[in-house]
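Peer 1: Here's a structure for you.
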Amino acid sequence: QVQLVESGGGLVQAGGSLRLACAPSGHTFSTYVMGWFRQAPGKEREFVAAISWAGGTTDYADSVKGRFTISRGNTKNTVYLQMNSLKPEDTAVYYCAADLSSWPLSANGVDYWGKGTLVTVSS
């Protein structure tokens, strides 16, 4: 069974940092575009960041540029999201996503989703 498993979420104070990780199982994602989306209570799921299969190209939502960094592990099969200078409005469930062919990454084109990890930023 193909799975994307997120980890690293939790409760942090505003201004703090968290690092999310996405570890796949049952499939190799080294040739996929991978990224992160988030969904806050009562809001639609929104794009956060994406990284090309080789790791050389990245894309960020304007709301996180300069604060979040997406990267891939050495085997290219895992993806990380380093989140710094967190704000209360970053509170959401963060979902890992993998897409074989789309760039830029769009929720409509995602082939695989993780189940999400909750990030809560207190003020």
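Peer 1: In the range 84-106, what residues are more than 11 Å from the chain's Cα centre (by Cα), closer than 18 Å to S25 by Cβ and open to solvent by less than 40 Å² (accessible area, probe 1.4 Å)? Walk me through it before giving the result.
Peer 2: Filtering the range 84-106 down to residues more than 11 Å from the chain's Cα centre (by Cα) leaves 84-92, 99-106.
Imposing the further condition that a residue be closer than 18 Å to S25 by Cβ reduces the set to 99-100.
Selection gives D99 alone.
Peer 1: Output the qualifying pairs, or none if there are none: Cβ atoms under 8 angstrom, residues six or more apart or on different chains, first residue in the range 1-29 and closer than 21 Å to I51 by Cα, second residue among the aromatic types (F, W, Y) and open to solvent by less than 30 Å² (accessible area, probe 1.4 Å).
Peer 2: Every condition considered, the pairs that remain are L4/F29; E6/Y94; G9/Y94; L20/W36; L20/Y94; C22/W36.
Peer 1: Mind checking which residues of the range 59-83 are loosely packed, with under 15 Cβ neighbours inside 10 Å and more than 14 Å from A49 (Cα to Cα)?
Peer 2: Selection gives G73, N74, T75.
Peer 1: Out of the residues in the range 28-52 that are small (G, A, S) and under 11 Å from the mean Cα position of the chain (by Cα), state the one that is farthest from T120 (Cα to Cα). Break it down into steps so the answer makes sense when it comes.
Peer 2: Of the range 28-52, the ones small (G, A, S) are 30, 35, 40, 42, 49-50, 52.
Still in the running and under 11 Å from the mean Cα position of the chain (by Cα): 35, 49-50.
On the way: G35: 20, A49: 18, A50: 21 Å.
Only one residue tops the list, namely A50.
Peer 1: Another question, then. List, please: which pairs have Cβ atoms under 8 Å, are six or more places apart or on different chains, and start with a residue in the range 97-113 that is within 13 Å of A49 (Cβ to Cβ) and without any contact (Cβ under 8 Å) to a residue 60 or more places away in the chain and end with one that is among the charged types (D, E, K, R) and open to solvent by 30 Å² or more (accessible area, probe 1.4 Å)?
Peer 2: Sorted first by the residue in the range 97-113, then by its partner, the pairs are P104/D59.
Peer 1: Here's another thing I want to ask about it. Yes or no: A50 touching a Ser or Thr at 6+ places or on another chain (Cβ under 6 Å) and either modelled with pLDDT under 95 or outside any loop (DSSP other than H, G, I, E, B) (or both)?
Peer 2: no
The values are calculated or read from the model by the stated rules, or taken from the named source; none is laboratory data. Model, not experiment: these values are computed from the prediction. Here the Cβ is made from the backbone with ideal geometry for all residues, glycine too, and neighbour counts use every protein chain on show. The accessibility values were calculated without ligands, DNA or RNA, using every heavy atom of the protein model including side chains. Shrake-Rupley method; radii C 1.70, N 1.55, O 1.52, S 1.80 Å.
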